[in-house]
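Take a look at the structure set out below.
The values are calculated or read from the model by the stated rules, or taken from the named source; none is laboratory data. Computed from a predicted model, the values in this text were never measured in an experiment. As a convention, Cβ positions derive from the backbone with ideal geometry for all residues, glycine included, and neighbour counts pool all protein chains shown. When the accessible area is computed, the model is the full protein with side chains, heavy atoms only, and any ligands, DNA or RNA have been set aside. Shrake-Rupley method; radii C 1.70, N 1.55, O 1.52, S 1.80 Å.
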Amino acid sequence: MDLYSRIEEFQPEQVSFFADDSAGYRSVIVVHSTRLGPAVGGTRVWHYDSETEAATDALRLARGMTYKNAAANLPLGGGKAVVFARPDVDRRELFLAHGRAVDRFAGRFVTAEDVGTTPADMEIMRTVTSNVAGLASGSGDPSPFTARGVFRSMLAACQWTWDSSDLDGKIVAIQGCGSVGSWLARAVSASGAHVIVADLDQDRAATVAAETGADLVSAEEILSVPADVLSPCALGGILNDQTVDQISAKIVVGAANNQLAESRHAEVLAKRGILYAPDFIANAGGVLRGTVDLLGWSHEKAEQHIEAIFDTTLNVFEIAASDGISTHEAANRLAERRLAIAS
Ligand code: NAI
C-alpha cells in the first residue's frame with residue numbers, strides 16, 4: 001500500500017516530514033486528532049526501511065493514542081513522532097533537531113518517551129521546546145502507574161467473570177518482567193494471588209520471582225501455563241493465530257500495546273470463553289500520570305483517574321455484552337463516542 005493510501009486509511013489531521021542532515025535527523029510526526037485537546041504521543045527512535053514504513057508506524061501509533069486518551073476521558077488528542085535511527089549520530093544534535101521540529105507545531109503536538117528514547121533525550125528537547133513531557137524532573141517514570149492501572153483492570157475483569165474482584169487464591173501468569181511487569185508482579189502477589197512469571201531475560205525473571213515468591217517458567221511456557229489470568233507485559237502482537245489456542249487462562253489483561261495481531265483475534269478469544277480487557281484501556285495509567293505534567297493535574301486527581309480504570313474496564317465489558325461485539329470493538333466504540341460528542 002502506498003503512503004497516500006495509508007494516510008487515507010488513518011485520516012490524520014496532519015502528517016509532517018522533517019530532515020536536518022547536519023544532525024543526522026529524519027522524522028515523521030503525525031497529529032492524528034486534536035478534537036479533544038493537544039495531540040500527545042511519544043517519540044520512537046527505530047530502524048525503518050522506508051518513509052512509508054515509518055509513516056505507517058507513526059499513523060498507527062498516533063491513532064492508538066487518540067483512542068487511548070479518548071477512552072480514558074482525557075482532554076487530549078493523539079499523535080506520534082518516529083525518528084529514523086542511524087548509526088554514529090550525535091544524540092544531542094539529534095534531539096535538538098527533533099525539539100525544533102516539535103516546536104513548529106506550537107503546542108498542537110506534545111511528546112514524551114517511547115521505544116528508543118529516554119528522559120535525558122526529553123531534557124535535551126526541553127532546551128528548544130516546551131512541548132515535551134516525561135522529564136525526570138516532572139511526573140517521572142510512568143511504569144508503576146501503568147502497572148497500577150493494569151491491576152485495576154485485572155480486578156474489574158475478575159469482578160465481571162467471577163462476581164468478585166478478590167484475587168486471593170487465583171493464579172496470575174505475567175509475561176515480561178520489565179518496568180511494568182515487575183511492578184505488577186509485586187501488586188498481584190501482595191493481593192494474595194499466586195504469580196507465575198517469565199522473561200526472555202532469565203536473570204530479570206529470577207529477580208522478580210525471588211522478590212515476589214512467584215514461580216518461574218520459560219518464555220515458551222508462559223502463555224499455556226495453567227492460570228486464571230494471563231497478563232501480557234512484553235511486546236505487541238502476542239495474541240495471534242499461533243498463540244490464541246494455547247491460552248488456558250479465563251482472562252487476558254496486560255500492559256503491552258497492540259496485543260492483538262489483528263482485531264479478529266479478540267473474537268477468537270471471546271469464542272473460547274476468554275475475557276480480553278483491551279490493552280489501551282488497561283494500560284492508560286502511564287498517560288494518566290502524565291497529566292501532572294501535561295495538564296497541571298494534582299497527583300491525587302491523576303491517581304483517582306488511574307483507579308477509575310476499574311470502572312472504564314467494566315464499562316467496556318457492558319458495551320460488548322449489550323451490543324454483541326468483542327471487547328476490543330467495544331473499547332473502540334467507547335473512544336469513538338467520546339470523540340463524536342466533542343466534534
Ligand atoms: P520493558 O522493556 O521494561 O520490559 C519488557 C520485558 O519483556 C523485557 O524484560 C523483555 O525481556 C521481556 N520480553 C520481551 N519479549 C518477551 C517474550 N516473548 N517473552 C517473555 N518476555 C519477553 O517494557 P515495559 O516498559 O515494562 O513495557 C511493557 C509493555 O507495556 C510494552 O509493550 C510497552 O509498550 C507497554 N506499555 C508500557 C508503558 C509504561 O509505562 N512503561 C505504558 C503503556 C504501555
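Mind counting the residues in the range 194-231 that are within 8 Å of the ligand (Cβ to nearest atom) and either closer than 23 Å to ALA282 by Cα or not in a helix (DSSP H, G or I) (or both)?
Final tally of qualifying residues: 7.
Scan the range 123-158 for residues that are away from the ligand (no atom under 12 Å from the Cβ) and outside any helix (DSSP H, G or I) and jot them down.
Listed by number, the residues that qualify are THR127, VAL128, THR129, SER130, ASN131, VAL132, ALA133, LEU135, ALA136, SER137, GLY138.
Of the conditions (1) modelled with pLDDT under 95; (2) closer than 20 Å to LEU167 by Cα, GLY237 fails just one. Which one is it?
Of everything listed in (1) modelled with pLDDT under 95; (2) closer than 20 Å to LEU167 by Cα, GLY237 misses just condition (2).
Within the range 188-218, which residues are within 12 Å of ILE174 (Cβ to Cβ) and surrounded by fewer than 16 Cβ atoms within 10 Å (Cβ to Cβ)?
ASP215 - this is the single residue of the range 188-218 that is within 12 Å of ILE174 (Cβ to Cβ) and surrounded by fewer than 16 Cβ atoms within 10 Å (Cβ to Cβ).
Conditions (1) free of Cβ contacts under 8 Å to residues at least 60 places away in the same chain; (2) over 17 Å from GLY149 (Cβ atoms), marked per residue:
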{"site": "ALA270", "(1), (2)": "yes, yes"}
{"site": "LEU294", "(1), (2)": "no, no"}
{"site": "HIS299", "(1), (2)": "yes, no"}
{"site": "ILE306", "(1), (2)": "no, no"}
{"site": "THR312", "(1), (2)": "no, no"}
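Only residues that are surrounded by 15 or more Cβ atoms within 10 Å (Cβ to Cβ), outside any loop (DSSP other than H, G, I, E, B) and either touching a helix residue (DSSP H, G or I) at 6+ places or on another chain (Cβ under 9 Å) or of a type in the set (A, V, I, L, M, F, W, C) (or both): list them for the range 104-122, please.
PHE109, VAL110, THR111, GLU113, ASP121, MET122
Out of the residues in the range 265-291 that are open to solvent by 20 Å² or more (accessible area, probe 1.4 Å) and at pLDDT 95 or above, which is nearest to TRP183 (Cα to Cα)?
PHE280
For the range 175-192, how many residues meet the condition of being without any contact (Cβ under 8 Å) to a residue 60 or more places away in the chain and either of a type outside the set (A, V, I, L, M, F, W, C) or within 14 Å of ASP228 (Cα to Cα) (or both)?
Qualifying residue count for the region: 8.
What number of residues within the range 16-35 are among the hydrophobic types (A, V, I, L, M, F, W, C), more than 19 Å from the chain's Cα centre (by Cα) and open to solvent by less than 40 Å² (accessible area, probe 1.4 Å)?
So the answer is 3.
Out of all the residues in the range 224-267, which are among the acidic types (Asp, Glu) and more than 28 Å from ALA62 (Cβ to Cβ)?
Within the range 224-267, ASP228, ASP245 meet the criteria.
Scan (1) farther than 26 Å from ASN283 by Cα; (2) free of Cβ contacts under 8 Å to residues at least 60 places away in the same chain; (3) in contact with a Ser or Thr (Cβ under 9 Å, 6 or more places away or on another chain) for the single condition PHE18 breaks and write down its number.
(2)
Looking at the range 123-136 only, could you name the residues that are open to solvent by 60 Å² or more (accessible area, probe 1.4 Å) and within 16 Å of PRO38 (Cβ to Cβ)?
Passing the criteria: only SER130.
Got a sec? Which strands (runs of 3 or more DSSP E) wholly within the range 1-69 have at least 2 residues that are aromatic (Phe, Trp, Tyr)?
14-20
Please find, within the range 219-235, the residue that is nearest to ARG204 (Cα to Cα) out of those that are open to solvent by less than 30 Å² (accessible area, probe 1.4 Å) and under 24 Å from the mean Cα position of the chain (by Cα).
That would be CYS233.
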